[in-house]
Amino acid sequence: ELKRSKLNTQASSSGENVFLSDINWDWFRVKYIDNLGSKEQWYDIMDLMCQCSKGKKPAKAWLADLKNAMENFGIEKYFKELQVLISSSIKEESWFFDQYAVALKGLIWSCAYVKPNDTSLGIFKMITERCYTKIPGIGAISTVTGNLALDALVASQKEEAYGMMSLMRNKTKYNKFAVALEKFMDKFKETSPFPEQLLADKTIPNFGFRDGKKTFDVEGYSIVIGFNKRKLTKEYFDKQGVILKKLPVDFEAGHAIALKEINAEIKQINTVFNDLGRRVKTYWLFDRTWTYSDWKKYIFDHALLYPHI
């Protein structure tokens, strides 16, 4: 009733924030944005997203404003908080309609055109797989947004983008999604000097693992993840390096937002790790062969592939 009683407000010439002034965003701000660590900066980011350019490519002026906003925010910090935002909200059907779809397009472009990394690739994966979730009797939730995300993956010009598309292709059983993935994978291959399967091998994201482990530091405490018998393991260490069964309750309470960001990243890493099990299976299905150096570098020494081997 409240939404029916008020007209959607637009940005005025005085520089009014579209995100804050549009009543249709109120529920989203309260439910999601206000739970992020940098909510005030997100108000400005979302204002830009609400005004992203029309068409399939971002306008230069809008992209320049976005780049400045993200750099002031901190690129790594931005992607970590965006990962939390998308993982918690992507099941909202609103994302694919009206002003919400416009903002989601802007968020997708932010992952492709401003210093993309492994975290932003994981965000692409979440959005694309959600877009191509099949609704019985209807079809994919939003092929328009899904194809926009795949096009942005190619535009990112990161080789790891091909690896992410290959993982989704190995995983999906939905023919419409498989056809779309193959179309954009072909676009990526046009500019690559490597054979298709080797390109897929060498572009699997590593997520910053070293010697089979990845460490997250929070105010002197550490969370270390790895894999044992194809299961994700998690260890906690205090400021003196002593192993703990879990983090202290008061420490968790005081660092809830930081831990939420870490857990969102761990969830994405584990999802990719599980998908790689399907990737390894294709090595037998396709009767793959490698030079020893390629096999050791891209397969045997890869932190997320080795546990499957």
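The values are calculated or read from the model by the stated rules, or taken from the named source; none is laboratory data. Just so you know, these numbers come straight off a predicted model, no measurement behind them. Cβ atoms come from the backbone with ideal geometry, glycine included; neighbour counts cover every protein chain shown. Each accessible area value is taken on the protein alone, full model and side chains, heavy atoms only, with ligands, DNA and RNA left out. Shrake-Rupley method; radii C 1.70, N 1.55, O 1.52, S 1.80 Å.
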Go through segment 183-220 residue by residue and tally those that are open to solvent by less than 80 Å² (accessible area, probe 1.4 Å), in contact with a Lys or Arg (Cβ under 9 Å, 6 or more places away or on another chain) and among the acidic types (Asp, Glu).
1
Does Asp44 meet the test of being over 30 Å from Lys173 (Cα atoms), open to solvent by 50 Å² or more (accessible area, probe 1.4 Å), without any contact (Cβ under 8 Å) to a residue 24 or more places away in the chain and part of a helix (DSSP H, G or I)?
no
Select, from Ile266, Ile223, Ile299, Ile243, the only residue that is modelled with pLDDT of 90 or more, farther than 27 Å from Arg169 by Cα and open to solvent by less than 20 Å² (accessible area, probe 1.4 Å).
Ile223
Exactly one condition in (1) part of a strand (DSSP E or B); (2) over 22 Å from the mean Cα position of the chain (by Cα) is not met by Gln240; state its number.
(1)
Considering only residues that are crowded, with 19+ Cβ neighbours inside 10 Å and closer than 18 Å to Leu150 by Cβ, which ones fall in segment 75-113?
Ile86, Trp95, Leu104, Lys105, Gly106, Leu107, Ile108, Trp109, Ser110, Cys111, Ala112
Considering only segment 216-228, I want to know if a residue exists there that is more than 30 Å from Lys77 (Cβ to Cβ) and assigned to a strand (DSSP E or B).
yes
With respect to Glu71, is the statement that it is open to solvent by 50 Å² or more (accessible area, probe 1.4 Å) and of a type in the set (Asp, Glu) true?
yes
Has segment 127-148 got any residue that is of a type in the set (Asp, Glu) and surrounded by 15 or more Cβ atoms within 10 Å (Cβ to Cβ)?
yes
Within segment 1-28, restricting to residues that are modelled with pLDDT of 90 or more and open to solvent by 60 Å² or more (accessible area, probe 1.4 Å), the one that is nearest to Tyr78 (Cα to Cα) is Leu20
Return the residues of segment 227-245 that are without any contact (Cβ under 8 Å) to a residue 60 or more places away in the chain and either closer than 22 Å to Glu160 by Cα or touching a strand residue (DSSP E or B) at 6+ places or on another chain (Cβ under 7 Å) (or both); say none if nothing qualifies.
Leu232, Thr233, Lys234, Glu235, Tyr236, Phe237, Asp238, Lys239, Ile243, Leu244
Give the number of residues within segment 108-157 that are charged (D, E, K, R), within 23 Å of Gly55 (Cβ to Cβ) and free of Cβ contacts under 8 Å to residues at least 60 places away in the same chain.
2
